[in-house]
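Written out below as structure tokens is the structure these notes cover.
The values are calculated or read from the model by the stated rules, or taken from the named source; none is laboratory data. Just so it is clear, the model here is predicted, and its values are computed rather than measured. Note that each Cβ is placed from the backbone with ideal geometry, even for glycine, and that neighbours are counted across all protein chains shown.
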There are 2 protein chains.
Amino acid sequence: MTGTLYVVGLGPGDRADMSARALQAVAASDVVVGYKTYLDLVRDLLADKDVISSGMKSELHRAEQAIGLAREGKAVSVISSGDPGIYGMAGPVLELLGNDPDVAVEIVPGITALSSAAASLGAPLMHDFCAISLSDLLTPWELILRRLEAAASADFVTALYNPRSRGRTHQILAAQEIFLAHRDPDTPVGTVRNARRGDEVSRISTLKTLDVDQIDMLTTVVIGNSQSRLVNGRFVTPRGYPIAEDALQR
Amino acid sequence: MTGTLYVVGLGPGDRADMSARALQAVAASDVVVGYKTYLDLVRDLLADKDVISSGMKSELHRAEQAIGLAREGKAVSVISSGDPGIYGMAGPVLELLGNDPDVAVEIVPGITALSSAAASLGAPLMHDFCAISLSDLLTPWELILRRLEAAASADFVTALYNPRSRGRTHQILAAQEIFLAHRDPDTPVGTVRNARRGDEVSRISTLKTLDVDQIDMLTTVVIGNSQSRLVNGRFVTPRGYPIAEDALQR
């Protein structure tokens, strides 16, 4: 008997931003596994289903439970916000499952936090960008520093995930300092908390004026490149570099 | 009279991957502007609308047309595949519009190529990543080289957009060479053409065996980091680093 495992991204949270494929996967499942906040986003679809709710810190446990149920032949959705393929559940599920011919896996992509934060701020991601998580739980801090340095020095627009938690406050300050060493202090910085939900808070400040106390684990931070600027209050990065005009005429 | 401008992302192409908000924006519009391939994705919604189809190279012209119509008080959707906020139409529209109180703009995000390619390959974007466009039309090639070098040396998973066109074939070879100087030749590389459409072709090879002749402008290339590996034929990047000290001392 073959089970099915859907790893489903619900996007930023609002129903209108979810794909039909994501909703169909949930509707087609016998069991839905996820953190409570995510389950609440599709609560109306769960009436006839087994629901396994678990805390934020037990991602591996959730993946194991879901795989176990799929191995029994059930259709199981592992749900989360954003895109499960970006810092999400897709990896842990595929790694734990390994080579198992009895379980069919489908990764159902969603609108990632990067895209929803960008839409709230304007158009900051019009040029090359990096995504860097500031959580040093599974990654050496020295490597994170090296990446911040690389992103800042090569003029990437940079999105910071997991920028700051109650017990982890110095990383965002270190990031700010590294970028200040490479970019104009007036470079736009956008912070978006709970993008595209009812309680969204988005702010645009600058590298110099960034108020890190407003930033927590639910915030995505976007730092502009050397060309980023405000257009009518929106954070916009141009598609190219001014000197490119010369290059075109060559 | 206030016009409305929706800048709409349709995701990878299949209707099931589109958000309800994107479809609603198109349905609510008097005029829909886009490249023919994108219009075909929502052709059934266009019966009662003015449709402005234009070629791939006239993005600015398209943005200007759409703004002109919105200034006449119309509801206008500018549509494209993927997410308009990532190398898309959101920036040109906001820049050209400037400060105009008579036009309300809404950026409607979609599932970006990065996410759809990742879902087809497995889970390559589980750790910090960069997106770099190899097109040097508007960006100095020296800056693109600097970014490739930065991404390769700081062990970012790297997605290459616009990797190769008929007349522009050396950039992908230069990228391959730069990554080979920093990573194991057996590092997984995924190429996805027309992700999640009927004619999708996705391949997993390695830095060393990558066949650049298979790559064109419709292909997204994803290069793994030092920890990426194949799990049951899928391209997976772990969420963290197992032996932190080793990663640091290289």
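Points worth noting:
- Qualifying residues in segment B:214-245 (those that are of a type in the set (D, E, K, R) and at the interface with chain A (Cβ under 7 Å from one of its Cβ atoms)) - the one farthest from B:L173 (Cα to Cα): B:R239
- Yes/no for A:D48 being of a type in the set (D, E, K, R) and over 16 Å from A:E106 (Cα atoms): yes
- Residue in segment A:163-178 that is over 17 Å from A:M217 (Cα atoms), in contact (Cβ under 8 Å) with a residue 12 or more places away in the chain and within 13 Å of chain B (Cβ to nearest Cβ) present: yes
- Residues being among the aromatic types (F, W, Y) and modelled with pLDDT of 95 or more - total across segment B:19-72: 0
- On inspection, A:G122 passes the criterion of being modelled with pLDDT of 95 or more, touching a strand residue (DSSP E or B) at 6+ places or on another chain (Cβ under 7 Å), facing chain B (nearest Cβ under 8 Å) and at positive phi.
- Within segment B:144-167, the set of residues being on the phi < 0 side of the Ramachandran plot and among the polar types (S, T, N, Q) comprises B:S153, B:T158, B:S165.
- Checking each residue in segment A:22-34 for being crowded, with 19+ Cβ neighbours inside 10 Å and more than 12 Å from B:A20 (Cβ to Cβ) picks out A:A25, A:V26, A:S29, A:V31, A:V32, A:V33, A:G34.
- Taking the conditions (1) touching a strand residue (DSSP E or B) at 6+ places or on another chain (Cβ under 8 Å); (2) under 21 Å from B:D128 (Cβ atoms); (3) of a type in the set (D, E) in turn, B:D211 satisfies each one other than (2).
- Residues of segment A:179-197 satisfying the condition of being touching a residue at least 40 places away in the same chain (Cβ under 8 Å) and surrounded by fewer than 15 Cβ atoms within 10 Å (Cβ to Cβ): A:D184
- Figure legend. Inter-residue proximity from segment B:86-102: first residues more than 7 Å from chain A (Cβ to nearest Cβ), second residues part of a loop (DSSP other than H, G, I, E, B) and of a type outside the set (D, E, K, R), beta-carbon distance below 6 Å, spacing 6+ or different chains. Indicated pairs: B:D102/B:T2.
- Unique residue being more than 29 Å from B:L137 (Cα to Cα), out of contact with any strand residue (DSSP E or B) (no Cβ under 7 Å at 6 or more places or on another chain) and modelled with pLDDT under 95 when the list is A:R196, A:R250: A:R196
- When segment B:141-192 is filtered for residues that are assigned to a helix (DSSP H, G or I) and touching a Lys or Arg at 6+ places or on another chain (Cβ under 6 Å), only B:I172 remains.
- Residues (buried (at least 19 other Cβ atoms within 10 Å of the Cβ) and in contact with a helix residue (DSSP H, G or I) (Cβ under 6 Å, 6 or more places away or on another chain)) located in segment B:4-16: B:L5, B:Y6, B:V7, B:V8, B:L10, B:G11, B:P12, B:G13
- Inspection of segment A:103-116 identifies no residue that is among the charged types (D, E, K, R) and within 7 Å of another protein chain (Cβ to nearest Cβ).
- Listing of strands (runs of 3 or more DSSP E) fully contained in segment B:2-84 that carry 3 or more residues being within 13 Å of chain A (Cβ to nearest Cβ): B:3-9
- Condition met for A:R146 (surrounded by fewer than 21 Cβ atoms within 10 Å (Cβ to Cβ), modelled with pLDDT of 95 or more and over 26 Å from A:M18 (Cα atoms)): yes
- All conditions in (1) under 17 Å from the mean Cα position of the chain (by Cα); (2) crowded, with 24+ Cβ neighbours inside 10 Å; (3) assigned to a loop (DSSP other than H, G, I, E, B); (4) within 7 Å of chain A (Cβ to nearest Cβ) hold for B:L138, with the sole exception of (2).
- When B:T158 is tested against the conditions (1) more than 18 Å from B:L125 (Cβ to Cβ); (2) within 12 Å of chain A (Cβ to nearest Cβ); (3) touching a residue at least 24 places away in the same chain (Cβ under 8 Å), the lone failure is (1).
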